[in-house]
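Here the structure comes first, spelled out in structure tokens, and everything after it is commentary.
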Amino acid sequence: MTAQLPAEAPPPAAVPGPSSTPASALITRPAPAAPATPAVRNGEAPPPGKRPGGPPRLRALDGLRLLAALMVAAYHLGGRGGEIAHAWGSSPARQFPSLHGVFAYGCLGVQIFFVISGFVICMSGWGRSLRAFIASRVSRLYPAYWVAVLLVTAVFALPWVAFEALGPSDVLTNLTMLQQPLGAKRVLGVCWTLWAEMRFYALFALCVVLPGATRRRVVLFCAGWTLAAALAQASHVPALDVVLMPQYAPFFIGGIGCYLLHRYGGRDPVAWAVVGVSWLAGQHFAVAGLWHPPSPGAFSYRSALVIIGVVTVGFALVAAIALGRMRWANWRWLTVAGALTYPFYLVHEHLGWVVVQGLHGGLRLPSYATFVLTLALMLALAWVLHRWVERPLTPVLKQAIDPRPRR
């Protein structure tokens, strides 16, 4: 998954336009009766209809992030085989005879995460320096991740836990978040999505944040990455596949297109083209990677039409949030839900195995009660990680990387 992935609003003193110049510096007043005229920066006028000051938090996006995380958790706990079958004592297909086929579609929560990530990274990177952008991403990703890696390793090392912990070298390599390209075993199964997120951050930082975000530059980035990803897919060159991620690029690019709709309004045909092309390419890769025909020997099968439907709903919901159609979902608890999403995503799979084995195998709780209690306990642990790890460490790490005073 990435993902959540993690959201961060632009600095509060920034105008939601192409630069972080204070609002007072962007307004000229030639005469008392004359209307204020926004200055043009980087060859681009501020988007219409945007008021000075930071944008309101999109709480519906926080809720969608948690929904995507719960989809992935349902897949890991009841929609696949592997280690979770050992935790249950039998296949989840036997534990959830009527729902395991539904849970099997939960893995598409990762694609929804990537669309959200494209939206959020474009929003948070606009008007930021490269150093500030790097500081925001590193400080957001690493504190909870480090603790999750060490926590899973420690729990798996307990003598009564049936799952095997990795060796010290692999664990230390995992702390870099580069274990996949370095060839080390993974402590957290979900970390492959973080590796995809990091590559997206690098591409966006080099192509957009470093030269300075403008509408034209972001559109060119989306068009260029779409074409390059298609060529990488056709060329079958592994290095290009690693850098350009053709199977995931449409989801990140679609999220960026949704942010352009949010920033410039729903009448922007170029932004709609970015979203539309990304949806068309994204559903192709989702179906190609996840569909398989019905088979008596398969754990479950996924319908191509349902896969397309889930991907379409994911794109549609992010676009609806971008266009303000979800303003009614403005409940404060959604902010808390969004904050819990990332630590929950990190710990739910591997520690979920241990909890399922304890509740179902040890205490003999029914499958559905075990499923609900496991999700609840993982959310509680996520709150602990957010309260006692992320909240104190994120600003410290951000300040260490980018010590310049915030305006």
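By the compact-protein rule of thumb, 2.2 N^0.38 Å, the alpha-carbon radius of gyration of segment 349-407 corresponds to a ratio of 1.73. Normalised per residue, the accessible area of segment 157-202 is 50 Å², obtained with a 1.4 Å probe and no contribution from ligands, DNA or RNA. A convex hull fitted to the Cα coordinates of segment 120-227 yields 110 cubic angstrom per residue. Between W272 and W328, the simple label model (points 7 Å from Cα in the Cβ direction) yields a spacing of 2.4 nm. Note on segment 243-383: Cα-only Rg and Dmax are 19.2, 58 Å. Cα centroid separation, segment 233-285 to segment 306-368: 23 Å. A convex hull fitted to the Cα coordinates of segment 62-159 yields 112 cubic angstrom per residue. Spin-label pair A320-L305: with each label point 7 Å from Cα along the Cα-Cβ axis, the two points sit 2.2 nm from one another. Packing, as the average of other Cβ atoms within 10 Å across residues, places the peptides 361-369, 311-319, 201-209 in the order 311-319, 201-209, 361-369, highest first.
The values are calculated or read from the model by the stated rules, or taken from the named source; none is laboratory data. Keep in mind that this is a model prediction, so the values were computed, not measured. Cβ: placed from backbone, ideal geometry, glycine included. Neighbour counts: every protein chain shown. Note: accessible area is taken over every heavy atom of the protein model, side chains too, but ligands, DNA and RNA are not part of it. Shrake-Rupley method; radii C 1.70, N 1.55, O 1.52, S 1.80 Å.
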